[in-house]
Amino acid sequence: MDFVGSRSFIFICKAIENQCDIQYGENCKDFQELLKSLTPKEKLLASKYFCQLPWKIGTLRVLRQFQDLRLLTATEYILSIQNNVQVQLVLNEFLEAEYELLENIFISAAYDSFNAIILNAALEDLFYHLFNDLASNPKISSLAYLAPLCKSLPANVLTKVMHTHIHILLNLHASDINQAFIHFSDWINKGVDELVFIKVLCEKLFLNSQEDVLNYLFKLSTLEHFKEWKFYVILIQSIASTSNADTTMFLKQYLKSRLLKIGGAPCKLSMLHLLLTARAATARTMSVKHNLDAYASWYKENICEMNYMMDVERFQNVLNLLQECITYEKEQQYLEIHAAMAISPPPLCGKLVQAYRSKCKAHLIQLKGCLKRKASIEMVD
């Protein structure tokens, strides 16, 4: 593209190029005054000229100046780039240092209906690679961009940012419900001990919106064909471990209302979802014993005493579903709670309760045998 103009305009274009060549701006105020002196037409041409320059060491700083002076926004700059790889490189620069530029992208992605698809796709790609890298090496980033964004973004845009982060995080790993029961404790322990960035997300991005985040997680996880169980349980556990009194009560009420709903509309997948969610929500500490005791308390209050909050038909529906779910149990400690704790039956349901606990005990014996054989094989190897 040929940029034709007055000598002063050509001089400014040369100044823009020179500023992009250096890391720290020299005569920054003089440069800004040059930009301010442009006519409206020259401002448009200068922005187009800047967009066609190659990315250099000072480009990020100059772009911030362009945005501050309302000559060119970060969104407009990103949309001018045709190469997706280059888009990601530039967004990574925003993520590391220029939070106001990143803020502009988020706001445009929320409000600019014409370009929303392109911008949201670019952001999703950016955070997918970031979280994927953090899952492999959790300490490579402090997620420093979160604090300034939480302070500056409008509430509805921040909610969308939170939902985007959740959606991308969930999609890092896929597994069926059976695998979720097999690996539950491993996932929870790793989520606490190793995946430091999830704790940072919960403390900096989700802390003041815990109920909204939980509602969004529950909505996604109850959709048909949901397979993102690993990071679902890790997120539930991480939020529960940082929850305030209101969030703790919200979780307690959600689990109880979900049990009542399952009693009225029996569904095995819903029961499995409830059991996993309850385990994640009660695993709030670094102590395995404390977490198991917390789950046992939940089980006693909700399952063992459910005859006090539902009629006989709903009680029977829940017991039948619990029996169907026994084969999914792969962790001895949780199954021991189910086998040991007495369930108060309504009239004519005593045999159903006995049958459930007997099946729990039988499966527990089988599970212990499998674990013993596995341990023997590992010793031989």
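The values are calculated or read from the model by the stated rules, or taken from the named source; none is laboratory data. Treat the numbers as computed from the prediction; the structure is a model and nothing was measured. Using ideal geometry, Cβ is built from the backbone for each residue, glycine included, and neighbour counts are taken over all protein chains shown. Ligands, DNA and RNA are excluded from the accessible area calculation, which covers all protein heavy atoms including side chains. Shrake-Rupley method; radii C 1.70, N 1.55, O 1.52, S 1.80 Å.
General observations
- On a per residue basis, the convex hull of the C-alpha atoms belonging to region 174-309 measures out at 107 Å³.
- Centre separation in Å (Cα based) which lies between region 34-74 and region 199-218: 37 Å
- With Rh defined as the Kirkwood radius, the inverse of the mean 1/r over Cα pairs, the Rg/Rh of region 7-72 is 0.91.
- Carbon + sulfur, % of accessible area of the chain - ligands and nucleic acids excluded, 1.4 Å: 54 percent
- Think of it as helices only: each DSSP H run of n ≥ 4 in the chain is worth -39500 (n - 2.57), and spread over all residues that comes to -23000 deg cm²/dmol at 222 nm.
- Residue-count net charge about Gln323 - beta-carbon cut-off 13 Å; Lys, Arg +1, Asp, Glu -1: +3
- Computed with a 1.4 Å probe over protein heavy atoms only, the accessible surface of region 1-160 comes to 56 Å² per residue.
- Scanning the chain for trypsin sites (Lys or Arg not before Pro) lying in DSSP loops with no more than 13 further Cβ atoms inside 10 Å, the longest uninterrupted stretch between such sites is 140-381.
- Gap separating the Cα centres of region 312-381 and region 134-158, nearest whole Å: 42 Å
- Taken over region 225-282, the alpha-carbon convex hull comes to 70 cubic angstrom per residue.
- Taken over the alpha carbons of region 83-172 as equal point scatterers, the Debye sum produces base-10 log I(q)/I(0) values at 0.15, 0.22, 0.23, 0.25 Å⁻¹ of -0.54, -1.26, -1.38, -1.61.
- Most mobile listed residue (Leu44, Leu348, Leu367) in the chain, GNM with C-alpha springs under 10 Å: Leu348
- Candidates Phe250, Phe114, Phe127: whichever shows maximal mean-square fluctuation once the chain is modelled as a Gaussian network with Cα springs under 10 Å: Phe114
- For Ala280, the shell of other residues with beta-carbons less than 15 Å away shows a net charge of +4, using +1 for Lys and Arg and -1 for Asp and Glu.
- Selected from Ala362, Ala294, Ala109 as most flexible by GNM, with the chain as the system and alpha-carbon contacts under 10 Å: Ala362
- Restraint check, Lys14/Lys36; Lys190/Lys261; Lys330/Lys361; Lys204/Lys289; Lys56/Lys151, Cα-Cα greater than 20 Å: Lys190/Lys261; Lys204/Lys289; Lys56/Lys151
- Matching the structure-derived Rg/Rh (Cα atoms, Kirkwood Rh) against the labelled list [x] 1.14; [y] 1.02; [z] 0.99 gives the label [x].
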